[in-house]
Structures are given as structure tokens and as C-alpha cells.
Amino acid sequence: MSMVEEFKKFIMRGNVLDMAVGIIIGAAFGKIVTSFVNDVLMPPIGLILGQVDFSNLFINLSGTPAATLAEAKAAGLPVIAYGSFLNAVIDFLIVAFAIFMLIKQVNRIMPKKEEEPAKEPRLCPYCKTEIPEEATKCPHCTSEL
């Protein structure tokens, strides 16, 4: 089989296609959540907390003054952009919660696999020790079975 044919066979397997679709949808969902956090959720929270723009919160590590994060980055100043980090954490929590709820619903809908009842162990009639089904002699007392 040529490498191209082998690659086609690999790509066309169901789980690879499912994974690709999941990654694409996950990336799109991540963009939606990021927009939700940055454009919908954080502005009202910033307003309630006194006109705070979380995406612009930073600690300037240099002695050079900078009014905004964009200005500090343009000047190449070392900064800790903890506002952006806070937005990323909120993004992650929303995505994680959405995935948790999705998996919870899928597990509820999917049929559960029935467990096979445990077989009674085979016991030696003489010493009452558990023995394998295929055994013709007891490995403990060496009795013929």
C-alpha cells in the first residue's frame, strides 16, 4: 500500500474526522466565548466596579510611564498584563463549564453498558480454595478434580 493510500485510509477513519470537526467547532466556540467575555460580560462588571477596563489593567515593570497597555506594548516596556490574564481565566471557566454541561448531558442520554454478572468462583471440593476453570488439579492441595 502506498503512503498516499495509507494516509487516505487514516484520514477517512471516523474518529479522525470526528476529532477534526470537534477541534474546528471548539475553536469557533472559543472565539465566541472570548468575545462574550471581552465585549459583553466584562464591560458591565467594570462599570459596576467603577469604570474599570479589565483588558487594560497592567503593572508597568519599567520606570517609564505609560497610560495604557497598548502604549506600553508599543514602547516595548516590560509589563504584567493581569487584566488580560483575568479575561483569559474567565474564558477558560466558561468553556470548561460549557464542556462539563455538554458531557453531563451526553452521559445522561447515552445508554449505559450493562455489566456482566460476576461468575461464581470455582472452588476445590476438597480444600475449598479458588481454582481456575481450566484446572484439572487443585494448585493448592493437588487433588484431582
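The values are calculated or read from the model by the stated rules, or taken from the named source; none is laboratory data. Quick caveat: nothing in here was measured; it's all calculated off a predicted structure. Cβ: placed from backbone, ideal geometry, glycine included. Neighbour counts: every protein chain shown. Surface accessibility is based on the protein's heavy atoms, side chains included, excluding ligands, DNA and RNA. Shrake-Rupley method; radii C 1.70, N 1.55, O 1.52, S 1.80 Å.
For the range 1-52, the average shadow cast by the Cα convex hull is 4.9 nm², which is a quarter of the hull's surface. Taking a Cβ cut-off of under 13 Å around I11, the surrounding Lys, Arg, Asp and Glu residues balance to a net charge of 0, with basic ones at +1 and acidic ones at -1. Counting only protein heavy atoms and a probe of 1.4 Å, the accessible surface of the range 48-131 is 65% carbon and sulfur. Three principal axis extents of the chain based on alpha-carbon atoms, in descending order, are 92, 48, 36 Å.
Cross-link reach is defined here as a Cα-Cα straight distance under 17 Å, omitting same-chain residues fewer than 8 places apart; for K119 the lysines meeting it are K128.
What does the helix-only formula give at 222 nm for the chain: each DSSP H stretch with n ≥ 4 adding -39500 (n - 2.57), the total divided by the residues, and the result rounded to the nearest 500 deg cm²/dmol?
Value at 222 nm, helices only, nearest 500: -16000 deg cm²/dmol.
Taking a sphere under 13 Å around the Cβ of P125 and counting the other residues whose Cβ falls inside, with K and R at +1 and D and E at -1, yields a net charge of +1. The order of Y82, Y126 by accessible area, most exposed first and with a 1.4 Å probe, is Y126, Y82.
Placing D39, D91, D53 in order of accessible area, with the largest value first and a 1.4 Å probe, yields D39, D53, D91. Accessible surface computed residue by residue for the chain, with neighbouring protein chains in place and a 1.4 Å probe, gives 81 Å² per residue. Between E116 and F29, the distance separating the two model label sites (each 7 Å from Cα on the Cα→Cβ line) works out to 3.5 nm.
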